[in-house]
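Below: the structure, in structure tokens.
The values are calculated or read from the model by the stated rules, or taken from the named source; none is laboratory data. All of these numbers come straight from a predicted model, not from anything done at the bench. Note that each Cβ is placed from the backbone with ideal geometry, even for glycine, and that neighbours are counted across all protein chains shown.
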Amino acid sequence: MVKITNVLGDIKTGNSGDYIFQRVHGKQVMRKGYKQKKPPSPAQLEARSRFKESINWVNSLTSIEKSGLKELYHKQFPSYTKGQPSTWYNYGKWLYIKTPKITTINPTLREYEVSHPAIQTINYYDDIKRSIVSFDDLSSLEGSIATSTYHLEVPLYIHAIGLTTICGIEYIHFLNSDQQFYTCAKYDTPCPQS
């Protein structure tokens, strides 16, 4: 509602439509109003949380790890192009946020390829959640080594693969009846009961 004080229609305070009228330092001011924002969705809250965690991870690195991260950044991105992280710091956050991907090469032979910019460890889990086979030290910040793809031939008794990134996050991928992987857990969440 807008208050009008004289016959000429001078508006003193209030709002009309999308505009707000107010007095600032004795002068009449009109500005565009704003609408209340919707509360963030669960996916937005998750993205914000992951971003904060990525900042904390990069800030927690030792000076040796930071110099290794800088070397990895310059190896992967020797010159800047649009769409890539612009600094080693942003590269570290990007590594943390990026999730691994598993591509099926041959489902009959159970051949797959895992990809992530920095795979550190791959574990094979059986149906009772025991780690049967482990491929360790595939990437290292101290050594400035990064494994971005890894070819897997999964034995029949394996029901899940745990893929740990250089940031220390483990993603659990389970095989379904069609011999396709699906991700159902991250952050060392235990495998579901079979």
Of the residues Lys37, Lys82, Lys101, Lys3, which is over 28 Å from the mean Cα position of the chain (by Cα) and modelled with pLDDT under 90?
Lys3
Segment 42-71 residues that are among the small types (Gly, Ala, Ser), paired with ones that are surrounded by 16 or more Cβ atoms within 10 Å (Cβ to Cβ) and in a helix (DSSP H, G or I) (beta carbon under 7 Å, 6 or more apart):
Ser54/Lys93; Ser54/Tyr96
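I'd like to check something: does segment 130-141 contain any residue that is in contact with a His (Cβ under 8 Å, 6 or more places away or on another chain) and either in contact (Cβ under 8 Å) with a residue 24 or more places away in the chain or of a type in the set (Asp, Glu) (or both)? Working first, answer last.
First, the residues of segment 130-141 that are in contact with a His (Cβ under 8 Å, 6 or more places away or on another chain): none.
No, every residue in segment 130-141 fails to be in contact with a His (Cβ under 8 Å, 6 or more places away or on another chain) and either in contact (Cβ under 8 Å) with a residue 24 or more places away in the chain or of a type in the set (Asp, Glu) (or both).
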Could you grab me the full set of residues in segment 54-65 that are surrounded by fewer than 16 Cβ atoms within 10 Å (Cβ to Cβ), part of a helix (DSSP H, G or I) and touching a helix residue (DSSP H, G or I) at 6+ places or on another chain (Cβ under 8 Å)?
Ile55
So Thr104 ticks every box in (1) without any contact (Cβ under 8 Å) to a residue 24 or more places away in the chain; (2) assigned by TED's automatic domain parsing to the domain that holds Thr165 but one. Which box is left unticked?
(1)
Restricting to segment 18-51, name every residue that is within 30 Å of Thr147 (Cα to Cα) and loosely packed, with under 10 Cβ neighbours inside 10 Å.
Ala43
